[in-house]
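Heads up: the structure comes next, in structure tokens.
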Amino acid sequence: MKIALVDSGIGLLAAAAAIRRARPDADLVVSCDPDGMPWGPRTPEDITEHALACARAAVAHGPEALVVACNTATVHALARLRAEFEPGLPVVGTVPAIKPAAASGGVVAIWATSRTTGSAYQRGLIAEFGGAARVHEVACPELAEAVERADQAAISAAVASAAARTPVGTTDVVLGCTHYELIDDRIAAALPGPVRLHGSADAIAAQTLRRLGPGTRPGGGTLTVLHSGRPASLAAEALAYPQGELLAADARV
């Protein structure tokens, strides 16, 4: 079993670690784009081209599934990726966990990048899955970038800012960027009272394994890292997070 994951940076670690926990034997190919990141400020067409380049580099290693472990790339590039690689290669996207967060009908805050907050895509998900919950959008400027750099002071400042703008009485917070799942403990600590956090990594892992089916051959638990198409090792910043440590410790390259 070989699974490829694509993102601009280390946000894909959350989904990769979830897959590793579910299937320790899975061979993983993680394809990032340090030369082109961040993708968020780019045009949709440019984001699509960068995502395609990362995906093509990963697909050259012969995976049996491709995960788009990035909300931004899913919004803008998923259709193109599926048009190019499916049906031969299953392509799994990332969707913010609005539906499970809203299921209890409480007060939901969606933490997302400035570009995603207020977008037609996110508003559409709220309309479709928000139900009776009171849903609020909370922009988190510079948080993903701080996580990417493992800049602890900048992470603390961005989390504190978003927490201060999260409505009082919030019961559930959707982590609407894959980078945020790497610091879910810090986000939980910054929010007052018991708040449930909802990420996408476990759902991505489960959906990927469903698409592969039970008959997929075992793998060897290897890890292949690509940086803008070049063979590489996990970035030092990745090792600042438990998910990166897990992949580095368990990988048989």
Using a Förster distance of 35 angstrom, determine the FRET efficiency expected from the C-beta separation of ARG186 and ARG56, and round it to 0.05.
0.50
Stretchable slack from ARG165 to THR43, in nm (0.36 nm times residue separation minus alpha-carbon distance):
41.1 nm
The answer for the stretch 57-101, accessible area per residue at 1.4 Å probe in Å², is 37 Å²
In degrees rounded to 10, the 0-90 angle between helix 201-212 Cα long axis and the longest Cα principal axis of the chain is 40 degrees
What is the extension gain from ARG80 to GLN152, computed as 0.36 nm multiplied by their sequence separation minus the C-alpha to C-alpha distance, in nm to one decimal?
22.3 nm
May I ask you to give the percent of accessible area on the chain that is carbon plus sulfur, with a probe radius of 1.4 Å?
57 percent
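Need one number: % antiparallel among DSSP beta bridges in the chain, to the nearest 5.
Once the DSSP bridges in the chain are tallied, antiparallel ones form about 10 percent.
Please report the relative contact order for the stretch 127-252, taking Cα pairs under 8 Å with a sequence separation of at least 6, and give it as a percent rounded to a whole number.
Answer for the stretch 127-252 is 21 percent.
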Longest principal axis of the chain (C-alpha) makes with the long axis of helix 13-22 (C-alpha) an angle, in degrees to the nearest 10, of 70 degrees
How much length, in nm to one decimal, is gained on full extension between SER233 and ARG134, taken as 0.36 nm per residue of separation minus their Cα-Cα distance?
31.3 nm
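The values are calculated or read from the model by the stated rules, or taken from the named source; none is laboratory data. What you see is a predicted model, and the numbers here were worked out from it, not measured in a lab. So basically every Cβ, Gly included, is an ideal-geometry build from the backbone, and we count neighbours across all protein chains shown. With ligands, DNA and RNA removed, areas are computed over all heavy atoms of the protein, side chains included. Shrake-Rupley method; radii C 1.70, N 1.55, O 1.52, S 1.80 Å.
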